[in-house]
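Derivation of every value follows stated rules applied to the coordinates shown; laboratory data play no part. Since we're looking at a predicted model, the values are computed, not measured.
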Amino acid sequence: MIRGFKFAKQRFHTLSLLNLQEKNHNQNADVLVVNAETRSMTSDEAYQKMKAAAETLAISDFPVVYKKID
């Protein structure tokens, strides 16, 4: 299933990023979807990657942040 599809289907303005370093994202999105590709990582590696993503993406600009856990 396409990431973010369920949010978009409910009429949320959904932004899906494939590159965690991408700077040209729309802060008007209701939902930010990020494919962090952490499934094969250790918990420490995944934590560090998600921490860096949170710092890079300025997620505080979004009203809700959802992190799916595999």
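Tabulated values for the structure
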quantity: In order through the range 43-55: 3J(HN,Hα) via Karplus (6.51 cos²θ - 1.76 cosθ + 1.60), integer Hz, x for Gly, Pro; calculated: 4, 5, 5, 5, 4, 5, 5, 5, 4, 4, 4, 4, 5
quantity: Amide hydrogen neighbours beyond the local backbone of Leu17, cut-off 5 Å, H modeled; calculated: Val33, Val34, Asn35
quantity: Extended-chain gain in nm, criterion 0.36 nm per residue less alpha-carbon gap, Ala52 and Arg3; calculated: 15.6 nm
